[in-house]
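Heads up: the structure comes next, in structure tokens.
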Amino acid sequence: MNLHDVRRQLRDNLETVRARIAAAARRAGRLPDEIRLVVVTKYVGESVIRELLALGVRDLGENRVQQLVKRVELLGAAAAGLHESSPQSAAPRWHMIGHLQRNKVRKLLPHVRIIHSLDSTRLAQEVQQRAADHGVLVDALIEVNVSGEASKQGISPSDAPRLAQFVRGCDHLRLRGLMTMAPLSDSPEAARRPVAALRDLLAQL
């Protein structure tokens, strides 16, 4: 597949996904602009990422610290997302979407400002300390294991309020919401149940 075909396929896929997001938002009584699309790039090369940026994608996700840092370095200093950019800028905002170990936080910051997998007070303390060292504010989602599956990462629903309270007391860490992984299933209802439970938990925090 040549570059022209890749660009066309990416454009078509993005249009399809954005249309589905807009339709889902309308059904839920929300505005499509309230939904942020994060494109996960762990299986593609840097040339595809550059094409995504050219198509207006700004939020990119990686699940491994080493890979994320490598991509930031290859795409240039602006790719760290350390500065607010104009709509025309190609600088992406990097999201850490995978499980994060405390000993990897030093390497991760300040390359990201959004962590989707905060799951313990000890990890929150480490992020707070490293963010303070760099003088940055890090957004975070608390990862909650709503389904209780042993194969899933995340804090238990009963422990989430305590972690949320701790994060709210940090001056370099900002709680932006909750995250969970739905069970792998062909049934949409199987995915809706844990998301609904997560929504109820968020309302209690």
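Quick rundown of the values:
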| read-out | value |
| --- | --- |
| 25 Å tail of the calculated P(r), the chain, as % of Cα pairs | 43 percent |
| Reference-scaled alpha-carbon Rg (2.2 N^0.38 Å with N residues) for the stretch 121-205 | 1.19 |
| Highest-MSF residue in the chain out of Arg58, Arg192, Arg113 [GNM, Cα springs under 10 Å] | Arg192 |
| Relative exposure of Ser120, Ser156, judged by other C-beta atoms within 10 Å (fewest first) | Ser156, Ser120 |
| Gaussian network model of the chain, Cα within-10 Å springs - most flexible of Ala160, Ala131, Ala182 | Ala182 |
| Ascending count of other beta-carbon atoms within 10 Å, so fewest first, for Glu143, Glu46 | Glu46, Glu143 |
| Computed magnitude of the charge dipole of the stretch 37-204 (debye, nearest 20; Cβ of K, R +1, Cβ of D, E -1) | 280 debye |
| 222 nm mean residue ellipticity, helices alone, for the chain (DSSP H n ≥ 4; -39,500 (n - 2.57); rounded to 500) | -13500 deg cm²/dmol |
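The numbers here are math on the coordinates, done by the rules we state, and not lab data. Worth saying up front: this structure is predicted, and the values here are computed from it rather than measured. Cβ sites come from the backbone with ideal geometry, for glycine too, and all protein chains shown count toward neighbours.
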